[in-house]
1. Report yes if ALA174 is among the small types (Gly, Ala, Ser), modelled with pLDDT under 95 and out of contact with any helix residue (DSSP H, G or I) (no Cβ under 8 Å at 6 or more places or on another chain), otherwise no.
2. For region 177-198: of the residues being within 22 Å of the chain's Cα centre (by Cα) and not charged (D, E, K, R), which is farthest from TRP580 (Cα to Cα)?
3. Given the options SER366, SER348, SER338, SER356, name the one that is farther than 30 Å from ARG139 by Cβ, of a type in the set (S, T, N, Q) and under 27 Å from the mean Cα position of the chain (by Cα).
4. Go through region 583-598 residue by residue and tally those that are under 19 Å from THR63 (Cβ atoms) and surrounded by 14 or more Cβ atoms within 10 Å (Cβ to Cβ).
5. Search region 516-565 for residues being in a helix (DSSP H, G or I) and of a type in the set (Val, Ile, Thr), and hand back the single one that is surrounded by the most Cβ atoms within 10 Å (Cβ to Cβ).
6. Among the candidates ALA328, ALA363, ALA321, which residue alone is crowded, with 16+ Cβ neighbours inside 10 Å, over 25 Å from ASP104 (Cβ atoms) and at pLDDT 95 or above?
7. Answer with yes or no whether ALA447 is farther than 27 Å from THR251 by Cα, surrounded by fewer than 22 Cβ atoms within 10 Å (Cβ to Cβ) and in contact with a Ser or Thr (Cβ under 6 Å, 6 or more places away or on another chain).
Amino acid sequence: MSTSRLSRRSLLALTGVGLTSGCIRQLESTFSRDHQQQLSFSIKTVPADADAVATKVARYLATQLQRVGISASVVPVSREELLRSVLLNHDFDVYVYRFPLPWDPDFLRPLLHSRYAPDVGWQNPFGYGDLSLDSLLERQQAERGVVRTSTLTDAQHRIVENQPFTPVAIPHTARATRPDRVDWPVDEPIHSVAAYLGARPVETRRFPSRVPPTAAVGNVTANESTQTTPTTTDTTTDAPQPANRLRMTITDARPTENLNPLSTPFRSDGTFIRLVYDSLGRVLDDEMHPWMAASWDWLDDDSSTLAVRLRDDLEWHDGNAITAADVAFTFRFLADTSLGSLDQLVPSPEYRGRASLVDSVSAASSREVHLSFGDVDETVALRALSVPILPEHVWEPYARPTSVSWLDGGRVTEALVRNNLEPVGSGPFRVTGTSFRESLSLEPFDAHFLATQTLDESLARFEGGFAFDGLEFIVAPSGGSAIKLLSSGVVDATAGLLSSDAVKSALATPDISVRTGVSRWCYHVGYNLRKPPFTNPRFRRAVARLVARPYLTESVFDGRAYGVMSPLATTEFSPTGESWTTVLEELRFVGNHQTGSLDTSSARSMFEDAGYTYSKSGELLVQR
């Protein structure tokens, strides 16, 4: 940015030689300030039809910034482009979107540790560096109980005080079902592997006498509650459906375009990948349980090494046997998708944090693999067992380097950019077909261990596998369209989340129930700390104080969200006490937080305290 300055000689010529040097300096300062550029930046987010909440929060923030003299504009881009800009290219000023909240708080380590700032994916996309926080995030890996809780409390203090990103709210979820068609597990969110495996057809399922065509029109916590509109007389018949398929709607078409588990821009929802790809362990009821693994134990002579034994007779979808060599390959591949063929590592962005927990891996036999960890507590180490296991014979050829137009520099392999629409996994479902931006079809994998083996208590509810002949996801352009498909009997439930308007429509429609819960993600404002003004923590704090969470949760989320200042606010690790209250008070919204009315004068003073000045016309100026 360039600024215009008036020379000392010009000032003298304009004002006369009778002025004192002090007056000249004052005039020079005034002229220089008035000719500086106004501070401006863009806020990237997704379009309203992709995520109306994110769009509204971005527009709200832009308006608040404009009120304090900053030229802020909202730039809507597709979900793929947003994630590429933020997670891969780091090409953004500010963005508004959501990030996942895994079951263990160790996700904060890759999210904010300075070691990951050069990486891609949800590995420190902000470019944040704080050695004190690094130390805390490293310590919590090796701790447990109250000691770990204390360390995580200190970490949250550092995060909130420095605002590398600004959490806004953790939303409630809402999905709609036809209870006369499908009986869903009570304690599972509908769009989850556990819910699909636990779903059962209602014996008296009724279907429309004329079933419309199944073409398209034009992540969460358990313990969902249900609301239902009373059933009224309808025109359905007991005639059997041609195929006993479970049909769902989605409003995000990306799963019909890309099923690569390593492709970050396409992986906002991990459920589709978990349906197709198994992992050694799986989180059920917030605990890690053996899945592909029959069992695991820490070695007596090496307490940092976990011996994982695979189940008998595991197969890939193409009929090849699964061995410990595939597991060892997966962890090496996730750590470096080039398999050493390049002069630097090319890790998988999607699983970098979890894979980095493993120091080394080896196949002890065809059915046993050893995973060695560093100074990591057992509970944290188990996070690594949730990565999808990949067949070596399928993925090894894609370790070749390549280039793509949408990645600005850096290294990339074919494994990271292939669309993988005919995936070979080992999960309980295999893909049978995709129709671009219209539908995704799966069917149960008959050789899966859930269908063929006797299971222990933790998995007994899934014994026998999927209860339907197939699973189909139909793309609907909006939540309203999804409700129409559900009402007409084309589908059995909505996999995609419903907006408030769609929820109201569902509740007013006979035969439809609404299931609600708490999500596993957090809406937030992310800053690019690689460039000014976001390098200045006082500037970020000032921006954070423009966010009125109570107002947003009511006006944007319709009361269906928790306003939060820490991503751990809804967990057992949420801090308490006077010092935490003080921290929160220092970041309190400047104005009436219920009405969202901004105290503009006080807000402008915050930016002045951060080292910024205003022009005579009230524009916040670029810092010189």
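1. no
2. TYR196
3. Of the residues listed, the single one that is farther than 30 Å from ARG139 by Cβ, of a type in the set (S, T, N, Q) and under 27 Å from the mean Cα position of the chain (by Cα) is SER338.
4. Residues that pass the stated criteria total 6.
5. Filtering first and then ranking leaves VAL543.
6. Exactly one of ALA328, ALA363, ALA321 is crowded, with 16+ Cβ neighbours inside 10 Å, over 25 Å from ASP104 (Cβ atoms) and at pLDDT 95 or above, namely ALA363.
7. It is false that ALA447 is farther than 27 Å from THR251 by Cα, surrounded by fewer than 22 Cβ atoms within 10 Å (Cβ to Cβ) and in contact with a Ser or Thr (Cβ under 6 Å, 6 or more places away or on another chain).
Yes or no, residue by residue, for (1) under 30 Å from the mean Cα position of the chain (by Cα); (2) at pLDDT 95 or above; (3) farther than 30 Å from THR153 by Cβ:
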site: PRO575; (1), (2), (3): yes, no, no
site: GLU578; (1), (2), (3): no, no, no
site: THR582; (1), (2), (3): yes, no, no
site: GLU585; (1), (2), (3): yes, no, no
site: THR600; (1), (2), (3): no, yes, yes
site: SER605; (1), (2), (3): no, yes, yes
site: VAL622; (1), (2), (3): no, no, yes
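The values are calculated or read from the model by the stated rules, or taken from the named source; none is laboratory data. As the structure is a prediction and not an experimental result, all values here were calculated from the model. In this analysis, Cβ positions are derived from the backbone assuming ideal geometry, glycine residues included, and neighbour counts consider all displayed protein chains.
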